[in-house]
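The numbers here are math on the coordinates, done by the rules we state, and not lab data. In this text, all values refer to a predicted model and were calculated from it rather than measured experimentally. Cβ coordinates were reconstructed from backbone atoms using ideal geometry, including for glycine residues, and neighbour counts include every protein chain displayed.
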Amino acid sequence: MKKNIIYLLLVVFAFSGCKDEDLKPIITFEDAGKGAFVRLVSLNQDLLIDPSKIATSGIDMEVDFVDVTGGETITDYDIFIRFIDNTPGNGENSRDEVQIRDFTSSDFTASANGNPGVAVQIPAPEILQALNLTEDQVDATDRFSVRSEIIDEQGRVFSSTNSSPPIANFGGAFNGAFDYNINVACPVGDDFMVGTYTVTYEENGASAFGGPVMQAGPFEVTLSATSSTQREFTAIYAEDLGFGTNISFQFDLLCDKTRTLSGLGTGLGCGGTITFGPTDDFGSMDLADDSEIIIPFVEGEDDGGCGISPPVRHVIKLTKN
């Protein structure tokens with residue numbers, strides 16, 4: 001692997017003198033000049049299923065639809081869900097995708113933004129029933145994967161597969177809400193696993209390009225809560241090589257385990273973007289003690305065109321200061 005890493009060029013659009021609700025961006029899709037997307041208006045509870053509180057878990061959000069007409073051309077909004085079993089101890093319980101909602105324009109009402117939208121409320125017991133699952137088949141580290149699509153008056157279908165990354169990524173630059181995951185996890189308080197931690201490399205701290213994969217260890221980071229089951233810190237990718245690009249490192253808290261999020265962009269690549277992502281196994285944590293966290297991850301989940309094959313596995317330990 002001799003390719004040079006090049007910085008990605010980021011195009012930044014600056015808007016001045018207008019509020020978010022006044023913006024009606026023209027979104028470019030791979031298969032259409034002007035498209036439409038599902039936008040998150042409000043997330044009324046965390047996207048998780050608590051294995052000890054399944055009856056009160058589920059999906060509760062409001063979305064609306066965005067296109068150059070303010071979403072007026074959208075006629076259908078369909079939601080699909082599947083189950084990914086990551087708990088080998090209770091058998092193989094993965095389930096193929098089923099459709100769980102079929103909204104039409106008669107269900108739409110004006111959102112807080114003024115666009116047509118809808119409230120999406122799907123309790124966890126209904127999700128399990130739709131997938132023919134029992135509660136004892138669902139455990140921490142398992143995941144429900146949700147995808148959606150919208151159809152306009154011309155019969156065109158828009159989804160994450162033909163939208164640009166700022167729209168396809170849930171809660172990204174445009175608050176896109178096409179696809180998302182629901183983890184089976186145990187929520188914690190906002191004051192748990194936050195603050196200053198020291199990072200050390202427990203397994204293979206060397207980047208695919210030489211030098212440490214982040215800063216030379218040990219180094220300090222500040223953990224912040226992004227949800228009741230997710231934490232985040234900022235580090236520098238391949239600092240020792242002089243690249244010095246920040247990466248927002250995010251990971252899930254899955255009861256007594258941790259999992260790195262997929263698609264964590266490093267800002268570097270060889271025509272694409274090198275990303276960090278999860279390993280096939282899990283890290284560890286303690287719901288009663290936030291002094292130590294173990295997190296495995298891979299460098300080169302997407303190699304950004306740089307020939308990182310296979311992805312390089314790393315393991316870090318975070319120790320509370």
**OP:** Please give the peptides 204-217, 256-269 ranked by average Cβ packing (other Cβ atoms within 10 Å per residue), highest first, as a rough proxy for protection.
**Re:** 256-269, 204-217
**OP:** Provide the per-residue ³J(HN,Hα) series for region 101-117, in order, calculated from phi with Karplus coefficients 6.51, -1.76, 1.60 and θ = phi - 60°, each as a whole number of Hz, with x at glycine and proline positions.
**Re:** 8, 9, 8, 10, 4, 5, 8, 7, 9, 5, 7, 4, 8, x, 7, x, x
**OP:** Work from the charge dipole of region 20-184 (Cβ charges, +1 for Lys and Arg, -1 for Asp and Glu, about the Cα centre) and give the residue of Leu133, Gly176, Gly91 farthest towards its positive end.
**Re:** Gly176
**OP:** Using packing as a proxy for protection, rank 77-88, 297-308 so that the peptide with the highest average count of other Cβ atoms within 10 Å comes first.
**Re:** 297-308, 77-88
Original post:
What's the center-to-center distance, using Cα atoms, between region 125-152 and region 99-121 in Å?
Top reply: 20 Å
Subject >> Estimated dipole of the chain in Debye, rounded to 20 [Cβ of Lys and Arg +1, of Asp and Glu -1, Cα centre] >> reply: 860 debye
Original post:
For the chain, what is the relative contact order in percent, using Cα pairs closer than 8 Å and at least 6 residues apart in sequence?
Top reply: 16 percent
Original post:
What ranking do 35-47, 162-174, 94-106 get when scored by the average of other Cβ atoms within 10 Å per residue, highest first?
Top reply: 35-47, 162-174, 94-106
